[in-house]
Amino acid sequence: MSDDHTHVQEFFSARAADWDSRFPDDGPAYAAAVGELGLRPGDRVLDAGCGTGRALPPLRAAVGPSGVVLGADLTPAMLHAAARAGRNRDGRLLLADVAALPLRTAALDTVFAAGLIAHLPRPEQNLRELARVVRTGGKLALFHPIGRTALAARQGRRITPDDLRAEANLGPLLSRSGWNMTSYVDEDARFLALAVRQR
């Protein structure tokens with residue numbers, strides 16, 4: 001396991017138990033973002049870097065009982081928190097690295113990823129792996145319940161020109177990784193970039 005993985009696991013393990021209570025008002029933002037994906041009953045969707053599984057209930061509601069909902073995370077403590085919250089009833093929880101997913105090629109219709117991109121050690125390679133598991137024409141949603149400026153202020157830092165989530169950086173990064181960015185919103189209340197899997 002790389003130092004990057006160890007750092008991510010340590011960071012989130014220390015925060016897993018009270019993660020949801022730190023951000024109690026994010027539920028509607030997650031539901032709204034999922035609503036923009038255009039999911040249909042029977043679709044197969046992955047919440048990549050699912051954390052405590054806050055996206056799993058709206059994802060399940062969107063794909064219905066015939067759909068497949070998976071939540072993958074690198075940190076066991078986050079998955080335990082998801083299960084304690086009962087979100088394992090909405091999707092199957094996988095202890096897995098998004099850099100090497102235990103899924104067949106083109107197995108999914110959509111990947112939802114909340115707050116994930118900032119924690120990817122090799123963004124282009126890692127986004128390419130997400131593309132691998134999605135069918136051609138399938139979707140990717142990169143989401144955060146607050147925008148880049150508000151997040152930076154919360155963390156006591158400034159946005160730099162090399163921020164991966166800047167539209168000018170993210171579009172080309174996604175393109176190199178097998179995705180075509182179709183929409184981009186960066187407001188105080190949310191960040192949401194949608195992309196479609198290229199051929």
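The values are calculated or read from the model by the stated rules, or taken from the named source; none is laboratory data. From a predicted model like this one, the values you see are computed outputs, not experimental measurements. No Cβ is skipped: glycine too gets one built from the backbone with ideal geometry, and neighbour counts run over all protein chains shown. Heads up: the accessible areas ignore ligands, DNA and RNA and are worked out on the full protein's heavy atoms, side chains in. Shrake-Rupley method; radii C 1.70, N 1.55, O 1.52, S 1.80 Å.
Which residue pairs have Cβ atoms closer than 6 Å, lie 6 or more positions apart in sequence or on different chains, and pair a first residue in the range 101-130 that is over 24 Å from Ala29 (Cβ atoms) with a second residue that is open to solvent by 30 Å² or more (accessible area, probe 1.4 Å)? The qualifying pairs are Thr105/Arg132; Ala106/Arg135; Pro121/Asp4; Glu124/Arg176; Glu129/Ala99. Every listed requirement among (1) out of contact with any strand residue (DSSP E or B) (no Cβ under 9 Å at 6 or more places or on another chain); (2) of a type outside the set (S, T, N, Q); (3) in contact (Cβ under 8 Å) with a residue 24 or more places away in the chain; (4) open to solvent by 20 Å² or more (accessible area, probe 1.4 Å) is met by Ile146 save one, (1). Under 8 Å between Cβ atoms, at least 6 apart or on separate chains: pull out the pairs that start in the range 34-49 with a residue that is outside any strand (DSSP E or B) and end on any residue that is of a type in the set (Lys, Arg). Partner pairs satisfying both residue conditions: Leu37/Lys139; Gly38/Lys139. When the range 72-94 is filtered for residues that are open to solvent by less than 40 Å² (accessible area, probe 1.4 Å), more than 19 Å from Ala32 (Cβ to Cβ), at pLDDT 95 or above and not in a helix (DSSP H, G or I), the ones remaining, listed by number, are Ala72, Asp73, Gly86, Leu94. Taken as a whole, the range 181-198 holds at least one residue that is in contact (Cβ under 8 Å) with a residue 40 or more places away in the chain, open to solvent by 40 Å² or more (accessible area, probe 1.4 Å), of a type in the set (A, V, I, L, M) and touching a Ser or Thr at 6+ places or on another chain (Cβ under 9 Å).
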